[in-house]
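Notes follow once the structure below has been shown.
The values are calculated or read from the model by the stated rules, or taken from the named source; none is laboratory data. None of these values were measured; they are calculated from a predicted model. When we count neighbours, we look across all protein chains shown, and the Cβ atoms used for this are built from the backbone with ideal geometry, even at glycine. With ligands, DNA and RNA removed, areas are computed over all heavy atoms of the protein, side chains included. Shrake-Rupley method; radii C 1.70, N 1.55, O 1.52, S 1.80 Å.
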Amino acid sequence: MFRKAVLGALAFGLVACTQETQNEIGRAVQNWTGTDGVLEVYAGNTLVRRFLAIDKLTTASGTKDGLPRPYRFGYGVLDENLNGLSDSGEKRVYFEISDYSTPYVFYENPR
């Protein structure tokens, strides 16, 4: 019975939150549980970069004003040969992608 009451209170609390707060809670849970994201960057119809084992993409924010910046950043393994696998010698790197000009697809690794 106690468990149902706690779950009910949590559900009510989430419904009462703003969308942004719900997103922040979702990101916190996602960051805690981890994911296995893949980011693909395209030039036209051609795949030019792939990053593997990404746990999150973060929207940059200003250090003084705290406002969101027009790019996202993260860490992932650079898939240099674009085979979808983290091969020997391929390293985890920091990357940034622009919201304005970078055509990209971010998805959970299906493997």
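Look at (1) at pLDDT 80 or above; (2) open to solvent by less than 70 Å² (accessible area, probe 1.4 Å) and you find that Asn81 fails only one, number (2). Screening Tyr75 on (1) modelled with pLDDT under 90; (2) surrounded by 12 or more Cβ atoms within 10 Å (Cβ to Cβ) shows it passes everything except condition (1).
Tell me, which strands (runs of 3 or more DSSP E) wholly within the range 53-111 include 1 or more residues that are more than 12 Å from Leu39 (Cβ to Cβ)?
Values: elements: 58-61, 68-78, 92-98, 104-108.
Correct list: 58-61, 68-78, 92-98.
Of the set (1) modelled with pLDDT under 85; (2) open to solvent by 50 Å² or more (accessible area, probe 1.4 Å); (3) more than 16 Å from the chain's Cα centre (by Cα), all apply to Asn23 but (3).
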